[in-house]
Amino acid sequence: MPLRQSDVLRGAMELLDEVGLDELTTRRLADRLGVRAGALYWHYPSKAALLDALAEQIIGEVSIEPAATGDWADRLRELAVRARESVLAHRDGARVVASFTAPPPAAVRFMRTLIDTLRSAGASEEDAAIGADAVTSFVNGYTLEEQARKVGIVPARLRDATFARELAIVISGIRAELLER
């Protein structure tokens with residue numbers, strides 16, 4: 001059976017989850033899939049392109065469906081929590097997401113959802129984009145730090161509580177700087 005792009009991506013995600021980003025090599029992936037490394041390049045022209053596809057998949061796992069209840073801050077909080085959960089579901093997921101070369105479509109959709117959430121609260125398009133960037137920067141930075149130093153050392157409930165408290169600070173800053181001026 002011929003190798004499909006979806007097979008390569010699935011194999012790469014499985015390998016990422018097993019061995020981490022530093023050990024995810026095209027040679028190792030090709031061995032796993034039972035092909036020569038060159039066969040992977042029919043589907044992804046470079047390792048960077050494969051990593052971009054992994055980032056797209058991880059970000060694409062974030063549900064951007066609206067919350068059943070709550071105001072803009074609740075919605076922003078929920079989206080940030082969902083993003084963190086999607087990234088943490090994959091070993092070194094934060095590094096993969098932080099390293100994309102061009103924003104994948106899922107990242108653009110997620111950012112647009114954040115912007116629309118802030119627009120619904122009365123922010124201008126420019127301020128909403130700044131607020132959305134602040135949220136994604138916080139989530140990405142927090143999860144990078146979390147995966148690099150805290151998973152397996154700091155209990156999940158403490159990491160979750162710290163994330164929630166720090167996110168509240170970010171949302172308070174957005175409220176004060178972008179909405180109440």
Region 5-45: relative contact order from alpha carbon pairs under 8 Å, six or more residues apart, as a whole percent, is 40
What is the calculated FRET efficiency for Ala37 to Ser63, with r their C-beta to C-beta distance and R₀ = 30 Å, to the nearest 0.05? 0.30
Expected max-MSF residue from Leu158, Leu76, Leu50 in the GNM of the chain (alpha carbon, under 10 Å) is Leu158
Contact order relative to length of the chain, as percent, for alpha carbon pairs under 8 angstrom and 6 or more apart: 21
So, counting K/R as plus one and D/E as minus one, what does the shell of residues with Cβ under 13 Å around Ala73 add up to? -1
Please identify, among Leu33, Leu16, Leu79, the residue showing maximal mean-square fluctuation in a Gaussian network model of the chain using a 10 angstrom Cα cutoff. Leu33
Based on the alpha-carbon gyration tensor of region 94-161 and its eigenvalue square roots a ≥ b ≥ c, which shape applies: rounded if a/c is under 1.5, prolate if not and a/b is larger than b/c, or oblate? oblate
What GluC sites (Glu not before Pro) in region 93-181 are in a loop by DSSP, with at most 13 other Cβ atoms within 10 Å of the Cβ? Glu180
Where does each of Val35, Val62 land when they are ranked from fewest to most other beta-carbon atoms within 10 angstrom? Val35, Val62
If R0 = 30 Å, then Arg149 and Leu3, at their Cβ-Cβ distance, give a FRET efficiency to the nearest 0.05 of 0.20
Taking the Cβ of Ala129 as the centre, find all other residues whose Cβ is under 12 Å away and add up their charges (Lys, Arg: +1; Asp, Glu: -1). -3
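Where a number appears in this text, it was derived from the coordinates with a stated rule and is not lab data. Keep in mind that what you see is a predicted model, and the values were worked out from it rather than measured. In this analysis, Cβ positions are derived from the backbone assuming ideal geometry, glycine residues included, and neighbour counts consider all displayed protein chains.
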